[in-house]
Each structure stands twice: as structure tokens, then as C-alpha cells.
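Colleague: Submitted below is the structure of interest, expressed as C-alpha cells.
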Amino acid sequence: MKARRIDVARGSFAEWLRYLPLKKPGVPVMLFNGEQKQNQDAHFRVVDMPVGRRDLQQCADALIRLRSEYLFSRGEFSRIRFSFTSGDIIPFERWRNGERPVVKGNRVLWRSGASRAAGHDALTGYLTTLFMYAGSISLQRDTVSIAGSVQPGQILIQAGSPGHAVIVLDVAVDDAGRRFYLLGQSYMPAQEFHVLMNPQSADLSPWYEEGSAIIVTPEWTFRRNDRRAFQG
């Protein structure tokens, strides 16, 4: 396939995703507990991003993590705000200011008294709590449906219990105008984030060609209208 990556804005989420650090080729996907994932045929490369030691950072959580890490790297703390499955909005700014969400039955209350924090440890703590109560249902609510050509940073999501979500990591176009894209995911149980293979085309893999109404990934099948984007 002869194609070139599309131009993206400097400092954009699309550019940030393009430079995610990768582990060496052939490295297996590891689970949160230190064991290898059973299916080692789904991934092309593993992203060098720790998954943690708890079964928390699954599919939707990993996409929330990527978006949050990007916004944190730019100091855009007020834009880091996601919801629990309950619908309650959990802003990172409140966490940084020493407040903590507490789940009481079907209610989420905020308690103050924790130390104010500005470093990356604050983001890690925020995300750990968020992952306990967020998922594909809340992420679908936190994103918007979109049309038009596929773009880096967009996601494919089917909300449910279980549901699944993957993210478009990069997009390329050839001289004929055909567009191709890379997908990345985490999965269940919590596992390292990885670039997906294309199980439908060994010639294109790991790239997918835009146009099909059905997108078959190694561990989930999506529809074209499952595509959504982060707001803002």
C-alpha cells in the first residue's frame, strides 16, 4: 500500500497519538496481573503505557486515559472531565482541589479534605477512581456522534455490559483518495493498550480501509455509525 499519513495540526490530539511510544516488535500483550493475554494474535504492536496492577484499565478506560494524558500534557486540566456510569460528571479540577467523589448507593457525593495536588500522581489517582465507575456506557455519553471522513482521535464504541471501544490512532490517504486507518484498544481483563491487526486483510494489516459499513476487528465487530468523537 502506497499512501501518506494525513496532515494534522501541531499540538493536536491526533499528533499526540501519532507519537505514542511502542514496545519492540513481537512483544506480547500483558495483563494487569503480569500474565500474558491469552490471544496474542490480535495485536500488531504494544504501546509502552503501564496498565496498572488492578483489573481496571479496560477498553473504554484506556481511551479515557489517552485523552486525559493528552490534555494533562497541555495543562488543559479543566477539560479533563468524564462521567460515571450513573451520569454524574467527575471533573479533574475538583480532584486537584482536594475533593473526592464518594458513591453512596445511587448517589455520588463530594467530600473535601484531601490535599491539593498538581502533579501527575493526581491524574493517576483521579483515573483510578474514574475507572471503577466508568465504562463504555459513560464514554458513549461523554462523546458525540460524527459523520464525514474518519479522523485520528475518533472512537468506535458499542455501549453495554459488556460493550467495547477502540480508537483511531492514525489515518493515511493514497493517490486515489482512499483512506486507511489504524485502530488501538485495551480489552478485558485489563491489559496493555495495543495497535490492532486487521483480521480481514493480511495485505493491509494493521491498516483498515475506510468505506465498509461493518468494521471487523480481532475481538469485536463494529458498525460505521458507531463512530464518535471526544467533545471540544
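Colleague: Under the rule of -39500 (n - 2.57) per DSSP H run of 4 or more residues, summed and divided by the residues of the chain, what mean residue ellipticity at 222 nm is obtained, to the nearest 500 deg cm²/dmol?
Modeller: That calculation yields -5500 deg cm²/dmol at 222 nm.
Colleague: State in Å² the accessible area per residue of the chain; use a 1.4 Å probe, count heavy atoms of protein chains only, and round to the nearest integer.
Modeller: With the other protein chains kept in place, the chain gives 50 Å² per residue.
Colleague: Next question, about the same structure. If we count every other residue with Cβ under 13 angstrom of Ala190's Cβ, Lys/Arg +1 and Asp/Glu -1, where does the sum land?
Modeller: Local net charge: 0.
Colleague: Quick one: if the Förster radius is 22 Å, what FRET efficiency do Arg178 and Val216 give, using the C-beta to C-beta distance and rounding to 0.05?
Modeller: E between Arg178 and Val216, to the nearest 0.05, is 0.75.
Colleague: Same structure, new question: Please list the non-local residues whose amide H lies under 5 Å from the amide H of Leu22, H modeled 1.01 Å from N, same-chain partners needing a gap of 5 or more.
Modeller: Long-range HN contacts for Leu22: Asp48.
Colleague: Still on this structure, I have one more. Once you have the Cα-Cα distance between Met188 and Gln36, take 0.36 nm times their residue separation minus that, and quote the gain in nm to one decimal.
Modeller: Between Met188 and Gln36, full extension yields an extra 53.5 nm.
Colleague: Using Cα atoms only, what is the angle between the long axis of helix 120-133 and the major principal axis of the chain, expressed in degrees (0 to 90) to the nearest 10?
Modeller: It is inclined by approximately 80 degrees.
Colleague: Right, here's the next one. Under a 5 Å amide H to amide H cut-off, with H placed in plane at 1.01 Å, what residues pair with Ser205 once short-range neighbours are removed?
Modeller: Sorted by chain and number, the residues that satisfy this are Asn198.
Colleague: Now a separate question. Can you give the extra length, in nm with one decimal, that the chain gains between Glu209 and Arg107 once fully stretched, where that is 0.36 nm per residue apart less the Cα-Cα distance?
Modeller: This chain segment gains 32.3 nm when fully extended.
Colleague: Further, regarding this structure: Hand me the trypsin sites (Lys or Arg not before Pro) from the range 51-125 located in a DSSP loop with no more than 14 other Cβ atoms within 10 Å, in residue order please.
Modeller: Sparse-neighbourhood loop trypsin sites (Lys or Arg not before Pro): Arg53, Arg54, Arg74, Arg116.
Colleague: Of the labelled options (i) 29, 22, 20; (ii) 30, 19, 17; (iii) 26, 20, 18, which one gives semi-axes √(5λ) of the Cα gyration tensor in Å as computed for this structure?
Modeller: Evaluating semi-axes √(5λ) of the Cα gyration tensor in Å on these atoms matches (ii).
Colleague: Accessible area of the chain with a 1.4 Å probe: how many percent of it is carbon plus sulfur?
Modeller: So the carbon and sulfur contribution to the accessible surface is 47 percent.
Colleague: With everything on Cα atoms, drop me the angle between helix 59-73 and the longest principal axis of the chain, reported from 0 to 90° to the nearest 10.
Modeller: The two axes meet at around 80 degrees.
Colleague: Tabulate in residue order the Karplus-calculated ³J(HN,Hα) for the range 161-166, using 6.51 cos²θ - 1.76 cosθ + 1.60 with θ = phi - 60°, rounded to whole Hz; enter x for Gly and Pro.
Modeller: 10, x, x, 7, 8, 10
Colleague: Taking amide H atoms as placed 1.01 Å from N in the peptide plane, list the residues 5 or more away in sequence, or in a different chain, whose amide H sits under 5 Å from that of His43.
Modeller: Close amide H contacts, sequence-distant or interchain: Met197.
Colleague: Using only Cα atoms, locate the centre of the range 124-198 and the centre of the range 1-32, then give the distance between them in Å, rounded to an integer.
Modeller: The range 124-198 and the range 1-32 have Cα centres spaced 13 Å from each other.
Colleague: Would you please name the trypsin sites (Lys or Arg not before Pro) within the range 1-42 that are DSSP coil residues with at most 14 other C-beta atoms within 10 Å of their C-beta?
Modeller: Lys2, Arg10
Colleague: Along Cα→Cβ, 7 Å out, is where each label goes; now give me the distance between the ones at Arg4 and Leu22 in nm to one decimal.
Modeller: So the two model labels end up 2.1 nm from each other.
The values are calculated or read from the model by the stated rules, or taken from the named source; none is laboratory data. These numbers were taken from a predicted model, which means no experiment stands behind them. Please note: Cβ atoms are built from the backbone with ideal geometry, for glycine as well, and neighbour counts cover all protein chains shown. Protein only, heavy atoms only, side chains kept; ligands, DNA and RNA dropped before computing areas. Shrake-Rupley method; radii C 1.70, N 1.55, O 1.52, S 1.80 Å.
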